[in-house]
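Please read the structure below before turning to the comments.
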Amino acid sequence: MSCTSWAWLVLLFPLLGSIVIGLGFRALPAKTAGIIGTAAIGLAFACGVATLLCLLGEDPEARHHASSLWDYANAAGLDIKLGIFVDPLSVFMVLVVTGVSTLIHLYSFGYMQSDEGYRRFFSYLNFFVFSMLLLVLAGNFVLLIVGWAFVGFASYALISFWYRRGTATGAGMKAFVINVVGDIGLVLAAFLIFRELGSFDYETVFTKAPQVFSVNEWTITAICLLLLVGAFAKSAQLPLHTWLPDAMEGPTPVSALIHAATMVTAGVYLIARTHVLFDLAPTAADIAAFTGLATLLVAGTIALVMTDLKRAIAYSTMSQIGYMVVGVSIGAYSAGMFHLMTHAFFKALLFMVAGSIIAAMANRQNIDEMSGFGKAMRFTSAMLLIGGLALAAFPLTSGFFSKDEILAFAEARGGFYVIFTWLGYVGALLTAIYTFRLVFRILPGKACKEAQELIDTGHVVHAEPENPATGEVEDTDVGFPGSEHHIAEQSWPMKVAMGVLGFLALVGGLVQVPGVDDVIGKFLEPTFADSPLSHIHPTVGAEWEGLGIGGVISIVGIGIAYFLYVARPETPAMLIQRLRPAYTLFHNKWYFDELIDFLIVRPILGVGRFANRTFERLVVDGLVTGTAGTVRGAGGIVRLVQSGFVRSYALLLIAGFAGLALYFLIQSS
């Protein structure tokens, strides 16, 4: 089979899984739906591996293939094909998306078993993965937009999965609206691309762009800025990030899926895929890089004070995506994609750990109520420690190699790009502190009531289902999360999924060790070989120097967290009192929600109310409704005249002619 045939099968299996489960959800046993959903993504991963092997069997220069099923539109110079594009970048994304998604499906098989919406959940989950795969395999901007929109819709369905919970439906709508803003930017960019280059096809666009545009020409800069609107909305970069923490209202496997390998990485993929355009618009690329830098620092400060476990990990996702955006915007394409891969491993693991702990806490998510789980849940605790070490870029873990490769590239590029190196190290220090703030507050110390129950009896505490955000009693007819709470220690699917991710989080970085191997860089090289920045390579010595600095920063950050939350646990409260303005700013998430409400939401509502009071009531009610009244009155008169008697009609006819004659007599005189 050809590489493209395998790639079409990658798309087919998740789509079939979603359709089969969706159509047969009433007849299918719950576990059967879970098996079908998990198997569909597993088969997609297997086909992704087959696509990889097919590409590796070719010369690097030939590793790009376009395939089309049929022409969607072909008229007046418009040529849109239902086609895919298979190259190292798309195959890399396919492997990350399907590999991690398979493990998340396996985890969900155990975690969601008692949820009333179990079948519906797996149908949505399969459709979400299909949408993301369509996005990364699309061969033109039209199909990219279709996949982009599908991902937005699927995320809304999953975030709002417990649809009788008001906070969940609100969060889903918020994510949908912000992503639609991004969709508009992407659509406008595609229109400009077609107007200037006459095609939506990737190969044609990327070949013609350097011939049509000059560097920093306003049109190409506008195109790239519009692409960034779409990228920032999907990847939760400032200021279009506020939907991401609220997305934690969905089930925990949804959090793992959206924030690890799929939706939030779409913006990073978009910048990497369109790197030819960004190379022609360095101003737009620099704007993207500085936005990513600001996001990683702002999100890091918020994570320092967040007490909701899942939201703290969500802000960590924002911060790490910021690193990736910096990487692909400054030209460190392979490094940015490498960090995307390792982040998928340890972030999916951390969300799975959070799900296990929250289940043990009877669905409460406040870390202030957690302690002593190191003894109560040894496997989950070990996975939390592994995921935390990788996120904090502890030496020799996966995050250690991937994060510092981006910073080393920034230093090698020189000039003002060194800013990204040094402020990136500041972000790394924040990451180590907020990550081990969670570890040291959850694992050691005196066991909380729920942890003690596990230690004493081995049973998970159950409580009346309630919304952790509001305390409202939940309607279990649509799940949340059912009558049982599942933890990794008592569910082999959860344990297997977490164990595999834990292993990858530890050793996944060894594929890209400076001076030893360069697996990711060499594989992706054909995709980015045309970039004028591809010649920049940090020396092996500089890379190891950067790794050394990063390792020290990680250890120092962990040490600070240990001092604050283990050795001197009274210190954080003292710091809050002394640094009250900063704490208030971070606790209120830099007031971005309030700022957007003040600058955008309220003005739009004000315009709507004004239109309702003036235009609708005066124009619509007055003119249109008034006209309708006039018509009704005239109709009444006509009905009176139309009596049905011939003599009446003759009289009207004579009167009409008499009137016309009188008119002409007056005119002639």
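May I ask you to list the residues in the range 407-437 that are of a type in the set (Ser, Thr, Tyr) and either more than 25 Å from the chain's Cα centre (by Cα) or surrounded by fewer than 21 Cβ atoms within 10 Å (Cβ to Cβ) (or both)?
417, 421, 425
Condition first: over 14 Å from residue 274 (Cα atoms) and β-branched (Val, Ile, Thr). Now tell me which residues in the range 189-214 satisfy that.
Hit for the range 189-214 is 212, nothing else.
Among (1) without any contact (Cβ under 8 Å) to a residue 24 or more places away in the chain; (2) in contact with a Phe, Trp or Tyr (Cβ under 9 Å, 6 or more places away or on another chain), where does residue 195 come up short?
That leaves (2) as the condition not met.
So which residues in the range 446-460 are touching a residue at least 40 places away in the same chain (Cβ under 8 Å) and either surrounded by fewer than 17 Cβ atoms within 10 Å (Cβ to Cβ) or within 22 Å of residue 311 (Cβ to Cβ) (or both)?
Across the range 446-460, the qualifying residues are 446, 448, 450, 451, 452, 455.
Among the residues that make up the range 217-234, is at least one of them surrounded by fewer than 17 Cβ atoms within 10 Å (Cβ to Cβ), farther than 13 Å from residue 277 by Cβ and either in contact with a strand residue (DSSP E or B) (Cβ under 8 Å, 6 or more places away or on another chain) or at pLDDT 90 or above (or both)?
There is at least one residue in the range 217-234 that is surrounded by fewer than 17 Cβ atoms within 10 Å (Cβ to Cβ), farther than 13 Å from residue 277 by Cβ and either in contact with a strand residue (DSSP E or B) (Cβ under 8 Å, 6 or more places away or on another chain) or at pLDDT 90 or above (or both).
Filter the helices (runs of 4 or more DSSP H) completely within the range 541-611 down to those with at least 1 residues that are over 31 Å from the mean Cα position of the chain (by Cα) and either over 27 Å from residue 390 (Cβ atoms) or modelled with pLDDT of 90 or more (or both).
So the answer is 571-578, 580-587, 602-611.
Has the range 398-406 got at least one residue that is more than 28 Å from residue 101 (Cα to Cα), touching a helix residue (DSSP H, G or I) at 6+ places or on another chain (Cβ under 8 Å), at pLDDT below 95 and surrounded by 21 or more Cβ atoms within 10 Å (Cβ to Cβ)?
No, the range 398-406 contains no residue that is more than 28 Å from residue 101 (Cα to Cα), touching a helix residue (DSSP H, G or I) at 6+ places or on another chain (Cβ under 8 Å), at pLDDT below 95 and surrounded by 21 or more Cβ atoms within 10 Å (Cβ to Cβ).
Quick one: residue 430 ticks every box in (1) at pLDDT 95 or above; (2) of a type outside the set (Ser, Thr, Tyr); (3) outside any helix (DSSP H, G or I) bar one, so which box is it?
Here residue 430 clears every test but (3).
Go through the residues of the range 486-496 one by one and say whether even a single one is of a type in the set (Ser, Thr, Tyr), out of contact with any helix residue (DSSP H, G or I) (no Cβ under 7 Å at 6 or more places or on another chain) and more than 30 Å from residue 210 (Cα to Cα).
Among the residues of the range 486-496, not one is of a type in the set (Ser, Thr, Tyr), out of contact with any helix residue (DSSP H, G or I) (no Cβ under 7 Å at 6 or more places or on another chain) and more than 30 Å from residue 210 (Cα to Cα), which makes the answer no.
(1) of a type in the set (A, V, I, L, M); (2) touching a Gly at 6+ places or on another chain (Cβ under 6 Å); (3) within 16 Å of residue 554 (Cα to Cα); (4) without any contact (Cβ under 8 Å) to a residue 60 or more places away in the chain: which one isn't true of residue 350, the others all being true?
For residue 350, the failing item is (3).
So, residue 83, is that one more than 29 Å from residue 19 (Cα to Cα) and at pLDDT below 90 or not?
no
What are the residues in the range 365-392 that are of a type outside the set (Ser, Thr, Tyr), touching a Leu at 6+ places or on another chain (Cβ under 9 Å) and part of a loop (DSSP other than H, G, I, E, B), if any?
The answer is 365, 370, 372, 377.
When the range 110-137 is examined, which residues are found to be surrounded by 23 or more Cβ atoms within 10 Å (Cβ to Cβ), out of contact with any Ser or Thr (no Cβ under 8 Å at 6 or more places or on another chain) and under 20 Å from residue 12 (Cα atoms)?
Result: 119, 131, 135.
For the range 524-540, what are the residues that are in contact with a Lys or Arg (Cβ under 6 Å, 6 or more places away or on another chain) and either on the phi > 0 side of the Ramachandran plot or in a helix (DSSP H, G or I) (or both)?
Selection gives 526 alone.
The values are calculated or read from the model by the stated rules, or taken from the named source; none is laboratory data. The shown structure was predicted, so the numbers you read here are calculated from the model rather than taken from an experiment. Every residue, glycine among them, receives a Cβ derived from its backbone with ideal geometry; neighbour counts consider all protein chains shown.
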